[in-house]
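Please read the structure below before turning to the comments.
The values are calculated or read from the model by the stated rules, or taken from the named source; none is laboratory data. Note that the coordinates shown come from a computational prediction; the quantities given were computed from them, not determined experimentally. Note that each Cβ is placed from the backbone with ideal geometry, even for glycine, and that neighbours are counted across all protein chains shown. Calculation scope for accessible area: heavy atoms of the full protein, side chains included, ligands and nucleic acids excluded. Shrake-Rupley method; radii C 1.70, N 1.55, O 1.52, S 1.80 Å.
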Amino acid sequence: MTTPKVSVLGVRHHGPGSARAVRRELERLRPDAILIEGPPEADALVAHASGLEPPVALLAHVPGAPSRAAFWPFAAFSPEWQAIRYATSAGVLVRFCDLPAAHSLAATGEPAAPGEAPVDPIGALAAAAGYDDPERWWEDVVEHRGGDTPFAVIAEAMSAVREGHRPDEREAVREAYMRKTIRAGVKQGHGRIAVICGAWHVPALTAPFPPATADNALLRGLPRVKAELTWVPWTYGRLASWSGYGAGITSPGWYHHLFEAGDRPIERWLAQAAAVLRDEGLAVSSAHVIESVRLAESLAALRGRPLAGLGEVTEAARAVLCEGDDLAVELIQRRMVVGDRLGHVPDGIPMVPLQRDLRDRQRKLKLKPEALDREIDLDLRKPLDLDRSHLLHRLRLLEVGWGTPGQARGKGTFRETWTLRWRPEHDLALIEHAALGTTVVAAAGRRARDLAASGSAALADLTGLVEQCLLADLPEALPDVLAALSAKAALDTDVTRLMAALPAMVRAHRYGDVRGTSAEGLAVIVRSMLERICVGLPVAVTGLDDDAAADLLKHVDAVHSAVALLDAERPAVEGAPRGRWMATLRAISERQDLHGLIEGRLTRILLDAGELHDAGDRMSRAMSRGQAPARAAAWVEGFLAGGGLLLVHDPRLLGLVDEWLTGLSCEQFTDVLPLLRRTFGAFAPPERRAVGERLRSAGRDDGPGRRDLDDHRAAPAVATVLSILGTTAQNTTGGGGRAGE
């Protein structure tokens with residue numbers, strides 16, 4: 001009977017040299033079974049690998065437990081992926097051999113990254129070889145060997161690193177399960193077994209094994225949960241920042257290039273970098289490329305490297321292609337070193353109904369998921385754009401942040417701007433919310449009703465939820481949310497919370513009008529909240545310190561803007577929202593116990609609204625000598641918070657501020673300087689310049705009756721003019737008049 005042969009190939013989880021070497025070694029070994037580090041629950045998903053476009057990832061999750069999830073990502077240059085592709089193309093049995101996700105996800109706290117080594121073996125070996133950079137050492141001895149990875153040497157090196165090492169409990173359990181899987185493969189009659197695993201585990205998976213009873217004892221009684229697995233798209237950006245294997249890499253685009261480039265990788269890379277720079281309008285010639293290749297190869301030779309690495313080609317690109325421009329280097333880093341590749345998972349892969357519905361909606365609305373930021377402008381008057389807006393807002397309710405709303409270009413509330421970027425974790429969010437409904441609209445509506453019924457939502461949260469329901473076109477959920485809001489608003493007596501909640505309610509009312517969405521009962525709640533604000537605000541403005549006054553002022557400005565939006569087309573009469581609000585502000589502004597910031601701001605609001613005609617007198621009183629300089633400065637800050645053009649167009653107000661400011665003592669000026677700097681520093685540069693020009697020209701004679709000339713300095717010029725005219729100053733002035741009269 002032939003003794004089964006088990007070949008353990010230790011790899012770096014995302015390494016092009018390792019991937020190429022694994023493929024060649026498998027073709028040489030021709031195994032009849034391949035075991036790969038990964039969760040065995042994914043065995044049934046391997047059959048779908050031929051239809052996947054990497055980067056992709058295995059997603060393991062516990063239904064109903066959002067925090068219990070883990071990813072196993074694969075790129076085209078991942079050795080495990082090349083082993084899977086070899087097995088599926090050659091008809092060889094392939095299985096995953098790591099600890100099941102049902103056990104790893106059952107651990108308390110955050111799931112540890114599968115495949116994570118307890119120490120840094122590459123760092124230890126690099127230090128032993130005299131390298132200060134572990135990445136550069138690995139590239140020199142493995143990645144740049146053209147696929148000739150010395151698996152036996154790697155195993156020997158890892159044995160030396162692990163000498164005297166005692167694995168922790170989690171590591172021991174994982175390696176015990178791997179050995180158990182190998183034993184099962186031998187027992188099933190496989191004569192040639194290839195094991196693909198992280199290099200760190202090679203010594204533990206090489207015969208002689210410890211007794212099976214010892215491994216079984218380690219595995220007995222492990223906690224267990226129900227875990228579900230599927231394939232999801234992945235991105236190179238996510239591969240660079242975090243990896244489920246605990247082996248994230250900083251340059252996936254570079255590694256992809258090394259794996260795909262059959263020959264002359266340095267020349268091809270720098271030629272592509274030149275093309276990227278040309279696309280951005282930078283002048284890069286063929287001579288630049290040739291010189292940068294020479295520089296990269298020279299640097300590699302000086303450093304004793306078998307092939308120029310990423311460090312050398314980056315230095316060459318910076319010096320020659322980019323001419324020292326770090327922004328151009330950053331462009332190459334973002335576009336090429338990391339890359340914007342997004343994998344693809346076909347429809348045949350097992351999905352929850354919510355994922356499948358989203359895919360259908362994406363195709364129907366012509367919104368393709370992409371890994372790079374993509375900005376779109378929506379015109380809500382167009383049915384297609386309106387449907388797109390509804391979908392993006394519904395996804396935000398489901399915590400799928402595929403789209404981030406921005407500032408719309410142009411005027412009108414019928415426009416929206418979104419920045420779209422698909423991230424792998426969005427699939428996890430969809431799976432987490434799959435129990436809410438089989439379609440995006442149903443799940444979003446259920447989510448809104450659940451949030452409203454929770455009882456823990458604050459008033460501002462409920463008003464925001466109303467706005468979301470209108471933006472997402474969820475009319476079936478809106479009555480429940482409005483009922484919860486009405487109940488919460490009726491019991492809330494804190495005027496600041498009411499003021500914080502009102503703007504979102506007013507926006508919701510306006511959006512409902514623009515989108516043609518019915519919002520029955522919304523106007524009644526808005527009016528009720530505004531009435532309670534008007535009743536409670538006079539009490540809220542009493543006895544405020546500086547911080548409390550500044551905080552309340554933000555709410556006053558927000559409510560004022562909301563009232564203007566609510567009542568934009570109605571006359572300012574008593575009883576209408578704007579009339580009621582203005583009457584409240586006018587009554588408060590007459591009080592003598594206000595904080596200076598509040599009084600100044602209310603004066604400005606009433607002046608801008610045409611409700612006040614004695615602003616100058618109020619400013620004069622606020623900055624009179626009887627007022628403390630700090631209070632006067634706060635009044636000025638509140639009054640001028642709306643901008644500085646008022647001072648440019650009203651000479652009296654500018655004169656009052658100037659007279660008050662120049663009349664301060666040195667100590668008083670020093671005390672109020674921070675407030676003044678904050679006030680005037682907020683003006684736009686043209687406004688500050690215009691105010692300065694007004695002040696500079698304030699002493700000039702702009703009309704008859706002005707007597708601001710310096711007689712002494714003017715006398716010589718007057719004498720000269722009179723001499724030319726043939727008369728004398730004595731004759732003209734009558735002997736005692738002022739020069740120039």
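Conditions tested, residue by residue: (1) at pLDDT 85 or above; (2) open to solvent by less than 50 Å² (accessible area, probe 1.4 Å); (3) within 19 Å of VAL563 (Cβ to Cβ); (4) not in a helix (DSSP H, G or I).
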| residue | (1), (2), (3), (4) |
| --- | --- |
| ALA457 | no, yes, no, yes |
| ALA460 | no, yes, yes, no |
| CYS469 | yes, yes, no, no |
| ALA508 | no, yes, yes, no |
| GLY512 | no, yes, yes, no |
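Listed conditions (1) among the aliphatic types (A, V, I, L, M); (2) touching a Lys or Arg at 6+ places or on another chain (Cβ under 7 Å); (3) surrounded by fewer than 20 Cβ atoms within 10 Å (Cβ to Cβ) are all met by VAL284, apart from (3). Comparison of GLY401, GLY406 shows that the only residue that is of a type in the set (Gly, Ala, Ser) and closer than 22 Å to ALA442 by Cβ is GLY401.
Residue-level check: of (1) assigned to a loop (DSSP other than H, G, I, E, B); (2) touching a residue at least 60 places away in the same chain (Cβ under 8 Å); (3) among the small types (Gly, Ala, Ser); (4) open to solvent by 20 Å² or more (accessible area, probe 1.4 Å), ALA435 misses just (1). Among the criteria (1) part of a strand (DSSP E or B); (2) modelled with pLDDT under 90, the one ALA247 does not fulfil is (1).
Entry remark, the range 1-44: residues being of a type outside the set (Lys, Arg), assigned to a loop (DSSP other than H, G, I, E, B) and over 16 Å from SER89 (Cα atoms) number 10 in total. Given the condition in contact with a helix residue (DSSP H, G or I) (Cβ under 7 Å, 6 or more places away or on another chain) and at pLDDT 80 or above, answer yes or no: does some residue in the range 614-621 qualify? Taking every residue of the range 614-621 in turn, at least one turns out to be in contact with a helix residue (DSSP H, G or I) (Cβ under 7 Å, 6 or more places away or on another chain) and at pLDDT 80 or above.
Each row is one residue, and each column tells you yes or no for (1) at pLDDT below 80; (2) charged (D, E, K, R); (3) out of contact with any Lys or Arg (no Cβ under 7 Å at 6 or more places or on another chain).
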{"position": "CYS666", "(1), (2), (3)": "no, no, yes"}
{"position": "PRO674", "(1), (2), (3)": "yes, no, yes"}
{"position": "PHE680", "(1), (2), (3)": "yes, no, no"}
{"position": "ALA684", "(1), (2), (3)": "yes, no, yes"}
{"position": "ARG700", "(1), (2), (3)": "yes, yes, yes"}
{"position": "ASP710", "(1), (2), (3)": "yes, yes, yes"}
{"position": "ILE724", "(1), (2), (3)": "no, no, yes"}
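Residue-wise test of (1) of a type in the set (D, E, K, R); (2) in a loop (DSSP other than H, G, I, E, B).
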residue	(1), (2)
ILE588	no, no
LEU594	no, yes
LEU597	no, no
ARG604	yes, no
ARG618	yes, no
GLY626	no, yes
ARG631	yes, no
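Okay, residues lined up against (1) more than 20 Å from HIS560 (Cα to Cα); (2) touching a residue at least 24 places away in the same chain (Cβ under 8 Å); (3) surrounded by 19 or more Cβ atoms within 10 Å (Cβ to Cβ):
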{"residue": "TRP581", "(1), (2), (3)": "no, yes, yes"}
{"residue": "GLN592", "(1), (2), (3)": "yes, no, no"}
{"residue": "GLY596", "(1), (2), (3)": "no, yes, yes"}
{"residue": "ARG621", "(1), (2), (3)": "yes, no, no"}
{"residue": "ARG631", "(1), (2), (3)": "yes, yes, no"}
{"residue": "ALA634", "(1), (2), (3)": "yes, yes, yes"}
{"residue": "GLU637", "(1), (2), (3)": "no, yes, yes"}
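Kindly evaluate LEU299 against the criterion of being in a helix (DSSP H, G or I), within 18 Å of ASP133 (Cβ to Cβ), aliphatic (A, V, I, L, M) and open to solvent by 20 Å² or more (accessible area, probe 1.4 Å). Yes; evaluated as a whole, the condition is true for this residue. Here GLU171, GLU175 are screened, and the one residue that is surrounded by fewer than 20 Cβ atoms within 10 Å (Cβ to Cβ), assigned to a helix (DSSP H, G or I) and modelled with pLDDT of 90 or more is GLU171.
Residues of the range 471-506 that are part of a helix (DSSP H, G or I), open to solvent by 60 Å² or more (accessible area, probe 1.4 Å) and not hydrophobic (A, V, I, L, M, F, W, C): PRO479, ASP480, LYS488, ARG497. Consider the range 190-216. How many of its residues are in contact with a strand residue (DSSP E or B) (Cβ under 8 Å, 6 or more places away or on another chain) and not hydroxyl-bearing (Ser, Thr, Tyr)? So the count comes out to 15. In the set (1) over 26 Å from ALA76 (Cβ atoms); (2) open to solvent by 70 Å² or more (accessible area, probe 1.4 Å); (3) part of a helix (DSSP H, G or I); (4) touching a residue at least 40 places away in the same chain (Cβ under 8 Å), the condition left unmet by ARG335 is number (1). Among the conditions (1) among the aliphatic types (A, V, I, L, M); (2) open to solvent by less than 70 Å² (accessible area, probe 1.4 Å); (3) modelled with pLDDT of 75 or more, ALA739 misses just one, which is (3). If only residues of the range 261-279 that are modelled with pLDDT of 90 or more and acidic (Asp, Glu) are counted, the one that is most open to solvent (accessible area, probe 1.4 Å) is ASP279.
Would a scan of the range 49-59 turn up a residue that is touching a Pro at 6+ places or on another chain (Cβ under 6 Å), open to solvent by 30 Å² or more (accessible area, probe 1.4 Å) and not aromatic (Phe, Trp, Tyr)? Looking through the range 49-59, at least one residue is touching a Pro at 6+ places or on another chain (Cβ under 6 Å), open to solvent by 30 Å² or more (accessible area, probe 1.4 Å) and not aromatic (Phe, Trp, Tyr).
Cβ-Cβ contacts under 6 Å between residues 6 or more apart (or on different chains), taken from a first residue in the range 355-367 that is farther than 18 Å from TRP418 by Cβ to a second residue that is hydrophobic (A, V, I, L, M, F, W, C) and open to solvent by less than 60 Å² (accessible area, probe 1.4 Å), are listed as GLN355/LEU430; ASP357/VAL440. If you check LEU654, LEU612 for being of a type outside the set (Phe, Trp, Tyr), in a helix (DSSP H, G or I), open to solvent by less than 50 Å² (accessible area, probe 1.4 Å) and on the phi < 0 side of the Ramachandran plot, only one passes: LEU654. Beta carbons closer than 7 Å, at least 6 apart along the sequence or on distinct chains, pair a first residue in the range 18-31 that is over 20 Å from HIS190 (Cβ atoms) and charged (D, E, K, R) with a second that is at pLDDT below 95 and not in a helix (DSSP H, G or I) for ARG20/GLY147; ARG24/GLY147. From the list ARG68, ARG23, the lone residue that is open to solvent by 10 Å² or more (accessible area, probe 1.4 Å) and at pLDDT 90 or above is ARG23. Residues of the range 134-159 that are modelled with pLDDT under 75, assigned to a loop (DSSP other than H, G, I, E, B) and either under 30 Å from HIS61 (Cα atoms) or open to solvent by 20 Å² or more (accessible area, probe 1.4 Å) (or both): HIS144, ARG145, GLY146, ASP148. Of the numbered criteria (1) in contact with a helix residue (DSSP H, G or I) (Cβ under 6 Å, 6 or more places away or on another chain); (2) open to solvent by 70 Å² or more (accessible area, probe 1.4 Å); (3) at pLDDT 85 or above, the one VAL535 fails is (1). Taking the criterion of being within 23 Å of ALA69 (Cα to Cα), touching a Gly at 6+ places or on another chain (Cβ under 9 Å) and either assigned to a helix (DSSP H, G or I) or aromatic (Phe, Trp, Tyr) (or both), the only residue of the range 45-57 that qualifies is HIS48.
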